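Step one of this worksheet: look at the structure below.
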Amino acid sequence: MFLDDVLEMLKKKSNQKAYTIGEKSYTYAEFYKYVANIYEFLLRENIGKKPVVIYGHKEVYMKACMIASSMAGMTYVPVDISIPEERIKSIIDQVKPKIIVGDLKNYNKNVSKNEIYDIMKNDNYNEINQIFMKQDDIYYIVFTSGSTGIPKGVKITYNNLDSCIKWLKELVQTKKQVILNQANFSFDLSVADLYLSLITESEHYIIDSEKLDYETTFNSLNKSNATIAVMTPSYADLLLLDKTFNQNLMPKLEKIIFCGEKLNNITAEKLYNRFDKLKIINTYGPTECTFAVTSYEVPRNVCNKIPVGTPKSDVEIYIVDDNLQKLSEEKIGEILITGKSVADGYLGNVVNNSFISYQGKNAYLTGDLGYIKNGLLYYIQRKDKQIKYKGYRIELSDVENNLIELKYIEKAVVVAKKDEEGKVISILAFVKTNEEIEKIKQDLKKKLPDYMIPRIKIVDKFPLNNNGKCDEKKLLEEF
Amino acid sequence: MEEKIIEIIEDLTDYKELNNNKDIDLLENEILDSLAFIELIEKLNNEFNIEVQPTQVTPNTWRSVKNIAEYVKRLQSL
């Protein structure tokens, strides 16, 4: 299993860079020291091996805590600082941790950032001699948007992640690279760069600059010497706005792994025009199937519709109708995934119809529409009111429920505005209320992360369609 | 110029009071998010026949309509 390989590599205590953020770099020798110290601390303090909540923003202690928890046989739950207070509270209530690492106020189980830095920098540490994580143990829990307004925890096992990492390793087939990170650690897109960097003994290079601070971002892109980057197509679009995002800025960039949302041909074409030696790998998969399950190397001659490709070898993909009957090639239906990537379900007693049994195997019904043509999977869009926005998966009813919970809101309808290609360009909320938009936004921000805050329009009446349902198309026209 | 920029931003976001509130901080008040920003740049490029290079611009430029208008004028005069 991959933790054995990681431990063996870490024990070489090499002076190669393991992790870089801002001006700071840490070697593999230092990283091993951090992991070993935290490992010992957790085995001593976290009796009963409760899940460990890791709170913060991309700092090195977070990654060290992840590996230390795993080796100590404890599940970890990454929580980025961008998650609002009420959502964190719901996560903590569900996880019931004994230890929370990071500066999360108002929780008495908290090990502060300063404390964890003190612990992990001890030079007289003991070697790690045993990996306690077992194949069926829950390796991490990542929370996604739930339709009831309460976030759902997806339980990923060690087996799930091991299979994902083997597949990622085959996709890149190199060692000692510089791997660029864009996503924060509570977004499972980061799983790819967090683990690919370790398993290939690469430097994990963290981009962490203020939004729209192009100068700082481009300086660190340039300094990174990155060879592989993991990002969402939206992030690439943001970088592509500036024509200096090209081979001169990042001469060593060989691969971009895309995941999290639909990659359109214009983005891919622009990238290929600006980078001569670049290979774009498009991937697809829901959080419930461990980062991603299909991949496709986009040819330089970019076609109009870019497929998400073929499944990893231990996974099978079916296109099914509403009665779970398998559909033939080129027929559009729901994407169903079986095999080693399918997670162990949701934390707690969440009612769901997504984790099912299909032909005797554990399966996940994605809620994504797609079709297969010439053996390649194509993703179209979400089936229901769940959408993909800025790489995040959002239940529109989650936004809706959080709006309705505000006492002064009488009614709310949330819809997604899409461009011609079906890509969501904004979330719109139509509400009936006497409050001002600014006040609604402020209150929502206490409950929802930034990417889920809709654009708001106050309306008196909601138009109805022939079925007596709210006519969302008409609402969209009014905006 | 400012009026056109206001029209573009109002069209891209849910903030419809820009005319009465020209000095509002577009970033601080989260009127411009990253997707609106991508669209804004594309619209500025097409509308004013310029080529905005975000790296040549301090992030503060995107804070106000006035700053954006000044930047666009500077690009046009080049």
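FYI, it's all coordinate maths here, none of it is from the lab. Values in this document were obtained by computation on a predicted structure and should not be read as measured data. Positions of Cβ are backbone-derived with ideal geometry, glycine not excepted, and every protein chain shown enters the neighbour counts.
The HN-Hα couplings worked out from phi for the range A:283-296 by the Karplus form 6.51 cos²θ - 1.76 cosθ + 1.60 (θ = phi - 60°) are 10, 8, x, x, 3, 5, 10, 6, 6, 7, 10, 10, 8, 8 Hz, whole numbers, x standing for Gly and Pro. For A:GLY339, the residues whose modelled amide H falls within less than 5 Å of its own, excluding neighbours fewer than 5 places apart on the same chain, are A:GLU316, A:ASN362.
Considering only beta bridges that DSSP places wholly inside the protein assembly as shown, some 60 percent are antiparallel.
Shape class for the range A:125-214: oblate, because the ratio a/c of the largest to smallest gyration tensor axis (alpha-carbon atoms, square roots of eigenvalues) is 1.5 or more and b/c is at least a/b. Note on the range B:2-77: Cα-only Rg and Dmax are 11.3, 31 Å. Express the relative contact order of the range B:15-78 as a whole percentage, based on alpha carbon pairs under 8 Å and six or more residues apart in sequence. Computed over the range B:15-78, the figure is 39 percent.
Taking amide H as placed 1.01 Å from N in the peptide plane, A:ASP208 has its amide H under 5 Å from the amide H of A:GLY22, each at least 5 places away in sequence or on another chain.
Quick check on my link table: of A:LYS152/A:LYS390; A:LYS12/A:LYS98; A:LYS270/A:LYS447, which ones sit more than 29 Å apart, alpha carbon to alpha carbon?
Values: A:LYS152/A:LYS390 19 Å; A:LYS12/A:LYS98 32 Å; A:LYS270/A:LYS447 37 Å.
A:LYS12/A:LYS98; A:LYS270/A:LYS447, as the Cα separations exceed 29 Å there.
For the range A:235-278, run through the GluC sites (Glu not before Pro) and keep only the ones in DSSP coil with at most 16 other Cβ atoms within 10 Å of their Cβ. The partial results should precede the final answer.
Numbers: sites: A:GLU254, A:GLU261, A:GLU269; in loops: A:GLU254, A:GLU261.
Here the sparse-neighbourhood loop sites are A:GLU254.
Close amide H contacts of A:GLY73 (hydrogens built in the peptide plane, cut-off under 5 Å, sequence separation of 5 or more or a different chain): A:PHE132, A:MET133.
Separation of the alpha carbons by more than 19 angstrom is noted, of A:LYS407/A:LYS441; A:LYS252/A:LYS312; A:LYS113/A:LYS441; A:LYS243/A:LYS417; A:LYS17/A:LYS134, for A:LYS252/A:LYS312; A:LYS113/A:LYS441; A:LYS243/A:LYS417; A:LYS17/A:LYS134. Determine which residues of the range A:91-135 fall in the zone a paramagnetic label at A:ASP208 would reach in this model, i.e. backbone nitrogen under 14 Å from the point 7 Å along Cα→Cβ. Under 14 Å, as judged by backbone N against the label point of A:ASP208, lie A:102-103, A:113-114, A:117 of the range A:91-135. Computed 3J(HN,Hα) for the range A:202-208, one whole-Hz value per residue from the Karplus formula 6.51 cos²θ - 1.76 cosθ + 1.60 where θ = phi - 60°, is 9, 7, 9, 9, 9, 8, 9, glycine and proline marked x.
Contact order, relative form, for chain A: 12 percent (alpha carbon pairs under 8 Å, 6 or more residues apart, mean separation divided by residue count). Sequence-ordered 3J(HN,Hα) estimates for the range B:65-77 from the Karplus curve with 6.51, -1.76 and 1.60 and θ = phi - 60° stand at 4, 4, 4, 4, 4, 4, 5, 4, 4, 4, 4, 5, 7 Hz, glycine and proline given as x. For the pair the range A:377-409 / the range A:235-274, the C-alpha centres are spaced 27 Å from each other.
So which trypsin sites (Lys or Arg not before Pro) in the range A:121-225 pass both tests, a DSSP loop state and at most 16 other Cβ atoms within 10 Å of the Cβ? Show your work: numbers first, answer last.
Details: sites: A:LYS121, A:LYS134, A:LYS152, A:LYS155, A:LYS166, A:LYS169, A:LYS175, A:LYS176, A:LYS211, A:LYS223; in loops: A:LYS121, A:LYS134, A:LYS175, A:LYS176, A:LYS211.
Qualifying residues, ordered by number: A:LYS121, A:LYS134, A:LYS175, A:LYS176, A:LYS211.
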